[in-house]
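The values are calculated or read from the model by the stated rules, or taken from the named source; none is laboratory data. Since the model is a prediction, treat every value here as computed from it, not as a measurement. Cβ atoms come from the backbone with ideal geometry, glycine included; neighbour counts cover every protein chain shown.
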Amino acid sequence: MESGIFDSHAHYDDRRFDGDRTELLDGLFASGKLFAAVNCGCDIASSERSLRLAEAYEGVYATVGIHPHEAENATEDDYLRLEELCSHKKAVAIGEIGLDYHYDFSPREKQKEAFIRQMELAEKLGMPVVIHDREAHKDCVDIATSFNGVTGVFHSFSGSAETAKILQKAGWYISFSGVVTFKNAKQAVLAVEAVANDRLLVETDCPYLTPHPYRGERNHSGYVEHVIAKIAEIRSESYEFIETLTRENAKRFFGIERVVT
Ligand code: NI
């Protein structure tokens, strides 16, 4: 019988896992705690690393894309290479793409240009997208929903319950990270209440966003149990129900049929 966590957003290629990546992933899969993880690319190099990880682990899948932080530096060759990477059999979505008005590492016009260009690629290839939206809710939602043929997930959702409702009505998924376990997460709690059963995903965004009570430590997929437990509490459901629901939703969203014996 299938069981375990589906971590919809991770960065195991991050150098903070260099010392124990294999041991950690082997342990998570061997224990049955982790069903699958999607490793997300942020530029061409990390997208390629994500695909290498996906080749090495049956339960790891990859997204390929150019993060808003990298929008300014992306070249024409990068976009050509990105399209090639999309054809890899374990490339399950384009991402993470979107807008980040918190750091503004790339000028906003460049961020929008890169975002729209990758939405167009997703439309052309019929792939879902993984959206990074930091303090850019309105522009992100406007651009994302302006493409009728493309849906995806807003990762580590930080918008309002109203925004979550708009997105799920348009066919989008909402993913929650360790942020929901933080003490001041009032808006996230309201959003968790607002999301429909069939639109809900969970994630680590590891090595970042470690849930309470491990906040400050390096995050990993095993800690998603604290995210699931918090969501279960907010929605008055059992842990098992939320774990199974988010696993089934992620399999459907990413188009994954993993046979576990
Ligand atoms: Ni991420």
Which pairs have Cβ atoms under 8 Å, sit 6 or more apart or on different chains, and link a residue in the range 204-228 that is over 17 Å from F29 (Cβ atoms) to one that is among the basic types (K, R)?
P207/R16; P207/R218; T210/R218; P211/K230; H212/K183; R218/R16
Tally up the residues in the range 61-78 that are surrounded by fewer than 24 Cβ atoms within 10 Å (Cβ to Cβ) and either closer than 15 Å to A91 by Cβ or in contact with a helix residue (DSSP H, G or I) (Cβ under 7 Å, 6 or more places away or on another chain) (or both), please.
3
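Taking the range 200-235 only, how many residues are within 18 Å of Y173 (Cα to Cα) and either hydroxyl-bearing (S, T, Y) or buried (at least 20 other Cβ atoms within 10 Å of the Cβ) (or both)?
First, pick out the residues of the range 200-235 that are within 18 Å of Y173 (Cα to Cα): 200-205, 224, 227-228, 231-232, 235.
Subset that is either hydroxyl-bearing (S, T, Y) or buried (at least 20 other Cβ atoms within 10 Å of the Cβ) (or both): 200-205, 224, 227-228, 231.
Residues in the range 200-235 being within 18 Å of Y173 (Cα to Cα) and either hydroxyl-bearing (S, T, Y) or buried (at least 20 other Cβ atoms within 10 Å of the Cβ) (or both): 10 in total.
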Qualifying positions in the range 126-150 - aliphatic (A, V, I, L, M) and assigned to a loop (DSSP other than H, G, I, E, B)
M127, A136, V150
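Does the range 130-142 hold any residues that are within 13 Å of the ligand (Cβ to nearest atom) and under 12 Å from I116 (Cα atoms), and which are they? If you could, list the steps in order and put the result at the bottom.
Within the range 130-142, the subset within 13 Å of the ligand (Cβ to nearest atom) is 130-134.
Of everything in the range 130-142, just one residue is within 13 Å of the ligand (Cβ to nearest atom) and under 12 Å from I116 (Cα atoms), namely I131.
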Starting from the range 46-66, take each residue that is under 20 Å from I97 (Cα atoms) and acidic (D, E) and list its partners that are surrounded by fewer than 19 Cβ atoms within 10 Å (Cβ to Cβ) and at pLDDT 95 or above, counting only C-beta distances under 7 angstrom and pairs at least six apart or across chains.
none
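For the range 9-109, please list each of the helices (runs of 4 or more DSSP H) lying entirely inside it that holds at least 1 residues being within 16 Å of the ligand (Cβ to nearest atom). If you could, list the steps in order and put the result at the bottom.
Values: elements: 21-30, 44-56, 76-86.
Because the criterion is at least 1 residues that are within 16 Å of the ligand (Cβ to nearest atom), the helices (runs of 4 or more DSSP H) in the range 9-109 that meet it are 44-56.
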Within the range 190-244, tally of residues that are within 15 Å of the chain's Cα centre (by Cα) and charged (D, E, K, R)
3
For the structure I just gave you, tell me whether G95 is surrounded by 22 or more Cβ atoms within 10 Å (Cβ to Cβ), closer than 22 Å to S177 by Cβ and in contact with a Ser or Thr (Cβ under 6 Å, 6 or more places away or on another chain).
yes
What pairs come up if the first residue lies in the range 137-152 and is modelled with pLDDT under 95, the second is surrounded by 18 or more Cβ atoms within 10 Å (Cβ to Cβ), and their beta carbons are under 6 Å apart, counting only those six or more places apart or on different chains?
H137/G159; H137/T163
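Condition test on F241, is it in a helix (DSSP H, G or I) and surrounded by 24 or more Cβ atoms within 10 Å (Cβ to Cβ)?
Details: in a helix (DSSP H, G or I): yes; surrounded by 24 or more Cβ atoms within 10 Å (Cβ to Cβ): no.
Here the answer is no, as F241 does not meet what is asked.
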